[in-house]
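Some notes on the structure that comes next.
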Amino acid sequence: MTDVHPEHAQLQADRIYLGWQYILLHSDPGPPPKRPSPLEEPADPPGPVDPDLLRRERLQEDMLNKPVRLVRTFMLVLAVLILAAGIAGYLAWPFAIAGLTAAGGVAGICSYALLQGDRAVKYRVLEQQARNERRREERDKELFRAQEEHAQRYREWQDSKERHDRQLSWYAVAVPDEIDRIDVAGGTLPGWSALITLLGATRLYSGGHLTVLDLSEGAIAKDLIELARKGGDDPLVWVLPVDLPKLDLGATLKPEAFADVLAHVVSVSEEHRTTRDLSFDNAILERVLEVLGENATISQVTAALRALAQVGDPRDDLRFGLITATQLERIGTLFGRGVSERVVIERAWALESQLRKLETLGTEAVRLPPARLRVVSMDRQAGAFGNRVLGTYVATALTHILRQSPASDRPWYHTIIVAGADKLRGDVLDRLMDACETSRTGLVLTYRSLTPTVRERLGRGHAAVAFMRLGNAEDARVASEHVGTEHRLELAQLTETISDSLPGLDGGYTSTISQMDDDGAEDRDENLADLAGDITESTEWGRTADKISEKERVLQRSREFLVEPHQLQQLPTTSVIVTDATAQGRRVRLADANPAILTFPKTTLGELEDVREAVLALDPQAQGTDGEPPPNLGPPPPRLDWRKGRQ
């Protein structure tokens with residue numbers, strides 16, 4: 001990782017990646033369309049006439065013609081009786097012939113009517129069969145058209161399904177170019193570890209330098225250190241106070257700046273200190289350093305303060321060579337007598353009691369090899385107050401070094417991460433922010449809780465704010481008001497499932513400084529480093545990448561939620577709500593800071609807006625009425641591989 005290879009430069013060195021946003025531009029088309037099938041109807045008989053239909057029609061016709069049949073039968077019987085009466089001589093033949101003619105005529109008419117009825121039955125049967133045939137032909141035509149439509153819909157479904165299956169699902173969430181600071185509010189130690197590993201890895205693999213000041217006492221940069229080693233770098237790790245003798249930070253400061261640093265260190269335990277008190281301590285330390293000379297150590301300063309405060313026997317300090325007799329004499333005449341002397345003695349005593357925790361600073365400093373990752377951490381076994389003193393010293397010393405450094409040509413080329421920044425005083429944070437802005441150094445501040453000091457500075461200036469899980473209800477309320485409760489965010493189920501399944505942080509840092517000597521560092525591996533592969537092999541997040549990828553293929557559903565306090569208290573471990581101001585207003589995005597997502601096949605370092613523009617460029621008619629692309633956008637977007645960055 002000591003060389004910036006072209007493949008790594010494609011990570012977009014000017015971009016700060018905070019995670020990935022889960023978005024599906026193409027919705028799931030669902031199951032395939034069902035193939036149409038013909039209606040199941042009884043088959044027609046093979047003969048020319050349907051016997052059942054003919055029987056029904058004849059039965060109906062017989063019922064209608066029953067009176068006619070009765071009339072015809074009566075007339076025939078009447079005709080027979082008339083004929084018999086004529087033959088027997090009971091009826092004259094002229095009358096008999098007239099009766100026979102009338103009865104026969106009526107019977108003939110009835111017979112003709114019955115014959116016409118039989119013809120009508122046959123006609124209706126044939127008509128019904130013709131209608132059935134026409135309906136059958138229409139059904140066949142309709143079935144053919146439905147099958148053609150089904151084939152078209154199935155082809156469209158196949159295209160939609162292919163776009164859905166091939167589409168990217170994780171898009172990079174990066175802060176805009178004009179942002180010079182990131183404030184991370186809330187979060188758990190595993191969540192911080194994921195965010196810092198992701199942010200630090202993309203910084204290092206794109207050619208930048210990184211300094212981590214870990215005040216959380218949780219070893220959150222442990223995975224990042226392993227990742228840097230895998231990439232070919234040799235990180236420098238200080239574990240304070242054990243490595244305090246080999247910490248030379250601030251050794252090159254001028255006496256005025258050194259006095260200012262020490263004055264801020266002393267004020268760490270006095271929350272209500274005023275500028276006047278700070279100036280008074282600074283004046284005492286400046287005069288003491290003026291007596292001791294430019295290369296004075298902390299132990300010499302504390303010896304001089306003991307002499308000034310008249311604490312202990314100065315002959316012990318003379319015997320150990322911490323001060324000389326001339327310096328002791330000059331210290332006794334630095335301030336006047338009376339009330340002012342009593343005030344000086346009290347402040348000198350307070351200064352000495354605080355600075356004693358730094359007495360071993362730089363006493364065993366060695367020449368360290370260059371490294372692009374430096375981690376200064378606090379030992380969790382040490383006292384909480386002592387760690388605050390050490391953290392304040394490192395932060396203040398870094399501030400003065402940045403103030404003396406020229407402005408960088410590349411913003412964020414050197415990035416400083418302060419984990420647990422709420423343990424620093426507000427004025428210390430302000431000075432560090434100003435120094436980073438002046439030197440164009442990137443700054444990431446993580447706050448466990450939103451104290452009044454933090455609230456005053458949250459998002460101030462050109463800063464983006466990232467909210468993680470907020471356990472405190474009041475902090476969650478403040479965060480929801482800052483973001484805006486009207487925003488609706490989409491959370492991937494994968495984020496919820498994986499965040500809770502990974503183990504927490506264990507152990508602590510292993511110091512690399514204690515293993516250093518003046519011979520310098522070992523030879524480094526100059527081989528080409530692969531970020532995705534290194535994350536998979538050397539981080540706790542990456543070692544579960546296979547399991548995560550498998551679950552990603554299964555867990556596609558997601559849920560939406562409003563930015564409300566109770567939702568912020570239940571955010572998954574790696575979820576990050578990123579908010580920044582744009583020309584169109586405040587932009588709010590939900591990201592997953594899990595570094596292992598970088599290894600997923602459907603992850604890109606391109607941002608959602610860039611991919612959407614590419615899709616709309618391919619299909620200008622794809623823009624939906626609600627401003628979001630509809631489910632079917634034509635050709636799928638081009639793959640934005642993490643090794644190639646934007647295309």
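Scan region 180-204 for residues that are assigned to a loop (DSSP other than H, G, I, E, B) and in contact with a Gly (Cβ under 9 Å, 6 or more places away or on another chain) and report the count. Walk me through how you get there before you give the answer.
Quick first cut of region 180-204, residues assigned to a loop (DSSP other than H, G, I, E, B) only: 180, 186-188.
Filter once more, keeping what is in contact with a Gly (Cβ under 9 Å, 6 or more places away or on another chain): 180, 186, 188.
Count: 3.
Specify which of the listed residues (E133, E148) is among the acidic types (D, E), open to solvent by 90 Å² or more (accessible area, probe 1.4 Å), farther than 30 Å from L210 by Cβ and in a helix (DSSP H, G or I).
Working: E133 fails: open to solvent by 90 Å² or more (accessible area, probe 1.4 Å).
The conditions single out E148.
Return yes or no: is R163 open to solvent by 90 Å² or more (accessible area, probe 1.4 Å) and of a type outside the set (G, A, S)? No.
Just one of the numbered conditions (1) within 30 Å of D14 (Cβ to Cβ); (2) modelled with pLDDT of 85 or more is not true of D140: (1).
The selection criterion, being of a type outside the set (D, E, K, R), touching a residue at least 24 places away in the same chain (Cβ under 8 Å) and either closer than 17 Å to A419 by Cβ or surrounded by fewer than 20 Cβ atoms within 10 Å (Cβ to Cβ) (or both), holds for L215. Could you list all residues from region 135-178 that are among the β-branched types (V, I, T) and in contact with a Gly (Cβ under 9 Å, 6 or more places away or on another chain)? Listed by number, the list holds a single entry, V173. Sub-8 Å Cβ pairs linking a first residue in region 176-199 that is under 21 Å from L432 (Cα atoms) to a second residue that is open to solvent by 30 Å² or more (accessible area, probe 1.4 Å) and assigned to a helix (DSSP H, G or I), at least 6 apart or interchain, are D180/E437; R181/E437, ordered by first then second residue.
Among the residues of region 579-599, those identified as touching an Asp or Glu at 6+ places or on another chain (Cβ under 9 Å) and surrounded by fewer than 16 Cβ atoms within 10 Å (Cβ to Cβ) are R586, R587.
Is it the case that E138 is within 30 Å of R35 (Cα to Cα) and more than 60 Å from the chain's Cα centre (by Cα)? Outline the logic, then answer.
Values: within 30 Å of R35 (Cα to Cα): yes; more than 60 Å from the chain's Cα centre (by Cα): no.
No; evaluated as a whole, the condition is false for this residue.
Output the number of residues of region 450-492 satisfying the condition of being among the small types (G, A, S), out of contact with any Gly (no Cβ under 8 Å at 6 or more places or on another chain) and open to solvent by 40 Å² or more (accessible area, probe 1.4 Å). Here the count works out to 2.
Residue under question is L443, and the condition is that it be surrounded by 14 or more Cβ atoms within 10 Å (Cβ to Cβ) and at pLDDT 85 or above; does it hold? So L443 fits the description; yes. Is it the case that some residue within region 394-408 is touching a strand residue (DSSP E or B) at 6+ places or on another chain (Cβ under 8 Å) and open to solvent by less than 10 Å² (accessible area, probe 1.4 Å)? Yes, the conditions are met somewhere in region 394-408.
When region 303-331 is filtered for residues that are farther than 14 Å from A348 by Cα, of a type in the set (S, T, N, Q) and open to solvent by 40 Å² or more (accessible area, probe 1.4 Å), the ones remaining, listed by number, are T324, T326.
Looking at this structure, is R306 in a loop (DSSP other than H, G, I, E, B), in contact with a Gly (Cβ under 9 Å, 6 or more places away or on another chain) and either at pLDDT 80 or above or of a type in the set (K, R) (or both)? Steps first, please.
Working: in a loop (DSSP other than H, G, I, E, B): no; in contact with a Gly (Cβ under 9 Å, 6 or more places away or on another chain): yes; either at pLDDT 80 or above or of a type in the set (K, R) (or both): yes.
Answer is no for this residue.
The values are calculated or read from the model by the stated rules, or taken from the named source; none is laboratory data. Computed from a predicted structure; not experimentally measured. Every residue, glycine among them, receives a Cβ derived from its backbone with ideal geometry; neighbour counts consider all protein chains shown. Calculation scope for accessible area: heavy atoms of the full protein, side chains included, ligands and nucleic acids excluded. Shrake-Rupley method; radii C 1.70, N 1.55, O 1.52, S 1.80 Å.
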